[in-house]
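Below is a structure I'd like to ask you about.
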Amino acid sequence: MNPQALVQQANRELDVLQSAQQVIRDALQELGYGPEYYELLKEPMRMLTVRFPVHMDDGSVRVFTAYRAQHNDAIGPTKGGVRFHPDVTEAEIKALSLWMTIKCGINGLPYGGGKGGVVCDPREMSFSELERLSRAYVRAISQIVGPTKDIPAPDVFTNSQIMAWMMDEYSRLREFDSPGFITGKPRVLGGSEGRETATARGVVICIEEAAKRRGLNLADTRIIIQGFGNAGSYLAKFLYDLGARVVGISDAYGALYDEKGLPIPDLLEQRDSFGTVTTRYKDTITNKELLEKPCDILVPAAIENQITAANAQRVQASIVVEAANGPTTLEATRILSERGVLLVPDVLANSGGVTVSYFEWVQNNQGYYWTKEEVEQRLVQAMRQSFDKVYTTAQRHDVDMRLAAYMTGIERTATALRLRGWL
Ligand code: GLU
């Protein structure tokens, strides 16, 4: 990467943290909390940076850098995913841990926020290299994590197999089986029914609730989904099954758009395990172009900073539901809100994932497992309630849904801090 691109990337990542901090500050202010609350909550309480060697298949040794952030544990253990991505930075992991606190708060889960990341490109690594990397990461952070301390989960480019290796490594270190150390595991190792599809299911519930508020009938809507990873691909399937017209999808390499609706089942069939599918097609457009195409509902389900001040005016959707973390900048949030677009923020829209992770952890602690129907029923109930809480807060305080979500989410942590006597 050239020096200018590096600086641009640093600025972009920094913005993610600064935006998270700014909304937390506004939320605390609106709720009437003193400045000491912001002082404590603007950064994680604990942030570990680790560097560890991994033996590669060709006989060489590579040293990887990785992080684990624990935002606040006043409510209970911290909780949040681990991403494997070449662009992972310290500032990004910090921001993601702040967001996890808000997500857990909105859904009333007994956790604070946590997040981890390894700087690597899993698309260029073999299966056995990934296993050695996953195990080495767990050994490097083992002192600060555990079923009652900090519970990891999947995130960008990590999956149930990686969770299985991490659980195994942790169990070996502690010398007892510890399924509650990590969520998003395969079913046979204590994973929950419905965890893999939970983020997408939660997004669907938010889309349904938002459409209801706007008097839209899902079967008559055109939907664009940016990103075809875990969230984006299941989401496309569920919406297609519900009869909605999915007119646009994309992956890291390009996008497909068809006003008449895309053949979602075929695209899912052709997708590789990293969500790549557009490389098989000639008539692709860019991700940037896709966001401005005609549709009723736009779902950014890829990475950060996709809807910015530069394109927010040209977004044609009347509802934006953020399945990814941080896809819309604060400036873009303001522009969309002024234009009357209903924006359902990430901390609410994608919180189905951590909600079912909580169900998984509860099942691990009890050693008693629920049916798929039980999990999905509880998820629908939790998400509808959370949507309603945030929507009502937005109306009552006359603020946008993002600020309302932060207000709803941060209140529990602020109360716990007060009751524990920390502040
Ligand atoms: N990585 C997901 C998120 O950002 C899930 C976290 C979890 O299940 O703990 O919400």
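Answer yes if at least one residue in segment 185-194 is within 22 Å of ASP241 (Cβ to Cβ) and within 13 Å of the ligand (Cβ to nearest atom), and no otherwise.
Yes: segment 185-194 contains one or more residues that are within 22 Å of ASP241 (Cβ to Cβ) and within 13 Å of the ligand (Cβ to nearest atom).
If you go through segment 91-111 one residue at a time, do you hit one that is of a type outside the set (Lys, Arg), within 11 Å of the ligand (Cβ to nearest atom) and touching a Cys at 6+ places or on another chain (Cβ under 6 Å)?
yes
Identify, by number, the condition in (1) under 17 Å from the mean Cα position of the chain (by Cα); (2) closer than 20 Å to LEU48 by Cα that TYR170 doesn't meet.
Tallying (1) under 17 Å from the mean Cα position of the chain (by Cα); (2) closer than 20 Å to LEU48 by Cα, TYR170 fails exactly one: (1).
On to the next question. Mind checking which residues of segment 216-246 are part of a strand (DSSP E or B), of a type outside the set (D, E, K, R) and touching a residue at least 60 places away in the same chain (Cβ under 8 Å)?
ILE223, ILE224, ILE225, GLN226
Which one of these does ALA252 not meet: (1) surrounded by fewer than 17 Cβ atoms within 10 Å (Cβ to Cβ); (2) away from the ligand (no atom under 16 Å from the Cβ); (3) modelled with pLDDT of 95 or more?
All conditions pass for ALA252, except number (3).
Do the conditions hold for PRO53, that is, is it more than 15 Å from the chain's Cα centre (by Cα), within 12 Å of the ligand (Cβ to nearest atom), surrounded by fewer than 22 Cβ atoms within 10 Å (Cβ to Cβ) and in contact (Cβ under 8 Å) with a residue 40 or more places away in the chain?
Spelling it out, it is not the case that PRO53 is more than 15 Å from the chain's Cα centre (by Cα), within 12 Å of the ligand (Cβ to nearest atom), surrounded by fewer than 22 Cβ atoms within 10 Å (Cβ to Cβ) and in contact (Cβ under 8 Å) with a residue 40 or more places away in the chain.
Mind checking which residues of segment 357-373 are more than 12 Å from PRO179 (Cβ to Cβ), in contact (Cβ under 8 Å) with a residue 24 or more places away in the chain and assigned to a helix (DSSP H, G or I)?
Step one: list which residues in segment 357-373 are more than 12 Å from PRO179 (Cβ to Cβ), which gives 357-359, 368, 370-373.
Those still in the list that are in contact (Cβ under 8 Å) with a residue 24 or more places away in the chain too: 357-359, 370-372.
Residues satisfying the conditions are SER357, TYR358, PHE359, LYS372.
Within the group ALA382, ALA349, ALA405, ALA394, which residue is within 15 Å of the ligand (Cβ to nearest atom), out of contact with any strand residue (DSSP E or B) (no Cβ under 8 Å at 6 or more places or on another chain) and under 22 Å from ILE335 (Cα atoms)?
Unique residue meeting the criteria: ALA405.
Report yes if some residue within segment 317-335 is out of contact with any helix residue (DSSP H, G or I) (no Cβ under 8 Å at 6 or more places or on another chain), closer than 28 Å to ASP251 by Cβ and of a type in the set (Ser, Thr, Tyr); otherwise report no.
Yes, segment 317-335 contains a residue that is out of contact with any helix residue (DSSP H, G or I) (no Cβ under 8 Å at 6 or more places or on another chain), closer than 28 Å to ASP251 by Cβ and of a type in the set (Ser, Thr, Tyr).
The values are calculated or read from the model by the stated rules, or taken from the named source; none is laboratory data. All of these numbers come straight from a predicted model, not from anything done at the bench. A quick note on method: Cβ atoms are made from the backbone with ideal geometry, for glycine too, and the neighbour counts reach across all protein chains shown.
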